[in-house]
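As structure tokens, the structure follows; a few thoughts come after it.
Read-outs: derived from the displayed coordinates by stated rules, not from any lab. Being a predicted model, the structure only gives us computed values, none of them experimental. So basically every Cβ, Gly included, is an ideal-geometry build from the backbone, and we count neighbours across all protein chains shown.
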Amino acid sequence: MEARAARDASPLADASIGVSANAETPPSRPGTVGSSRGTGVALAAAALLLSGTGWAGVMDKAASAVIGPPAISVDREEVVPGSWVVVRVTGVKGPGILRALGRDIRMFAADSGLRALVPVPLGLTSGKQVIAVRVGGLTLKTAFRIAGAPAKPPQMLRDLTLSAKGAAALKSGNAVLGRAFRKTGREALWSFPVHTPLTGRLSSGFGVMRSYGGTAGWPHRGHDLAAPKGTPVAAATGGVVVFSGWLEMYGNAVVIDHGQTVHTAYFHMDSRRVATGDRVEAGRVIGTVGETGFAKGPHLHFGTYMGPVAVDPGEMFTRGLP
Ligand SMILES: [Zn+2]
């Protein structure tokens, strides 16, 4: 990043979403999930669902069942933090729950079986990670590796200092956004490619380690796209607006659910053109670029999420969603 990017870079505000997400995602303990079948496993699965911190609360009560030779696969065996793994299970039907990286993640019907997206939060260290899926009285296991991400140059934002009041506003804003990220539909509403919400200069990228006014720093969990105030902001792909409102640190903010745990977030806008509950198509104008909230210079902070975990928007554009 060039030095002047700091002037219009967006705040640490968005960063702490990921920080709190990281706090909920301790390294997985492979020994905690056994591989067996029968009612004992079903009871154990129920206990796991109740104690989980992820998508357990939205699990269906309908029974799942084995309908063929069960198999589990991952689309990538190694990913960097900020990326994700697509997990597929075939030979089963009905609800399934996946456990990885210390979280329960809901599986959805897709690709003639069940599918889940497993995001890897920034800040996790490299190593082997076990994925366990409970479905139809079975526990299926596979694994992937977290690779070390190449270091990015740090970015100093001396113009932005977080006060105690700002920190409190950040916390309450994150709670609101966290609730929005838990609202998700069963159907995948996205399409490929996922579009950039506007054409602007990338003034700060994903994963850049930032520090503010000489104090603590956080990795940046989105793309800052610098553009003149009033530039239209378009929905990156289709979905349902699950939040449209004002948050002190994020300014005018919109969160869109694209189904199956995938969300995009748009912060610091000058105006909002959609309301919570609106169905939007890809490219629909949802607001305009501004400088609202904890921000310097007009820009859009664009974030992409799987559950509460921020993933790299750049990879969303190129690799896309399954
Ligand atoms: Zn930003």
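Numbers below:
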| item | result |
| --- | --- |
| Globularity index of region 181-300, i.e. its alpha-carbon radius of gyration over 2.2 N^0.38 Å | 1.04 |
| Segments 181-187, 277-283 sorted - mean Cβ within 10 Å per residue, highest first | 181-187, 277-283 |
| Normalised convex hull volume, region 248-295, alpha-carbon set, Å³ per residue | 81 Å³ |
| Estimated vicinal HN-Hα couplings, Hz - region 195-211 in sequence order (Karplus 6.51, -1.76, 1.60; Gly, Pro = x) | 8, 6, x, 6, 9, x, 7, 6, 8, 7, x, 7, x, 5, 7, 10, 10 |
| Length-normalised contact order of region 140-256 in % [C-alpha pairs under 8 Å, at least 6 apart] | 30 percent |
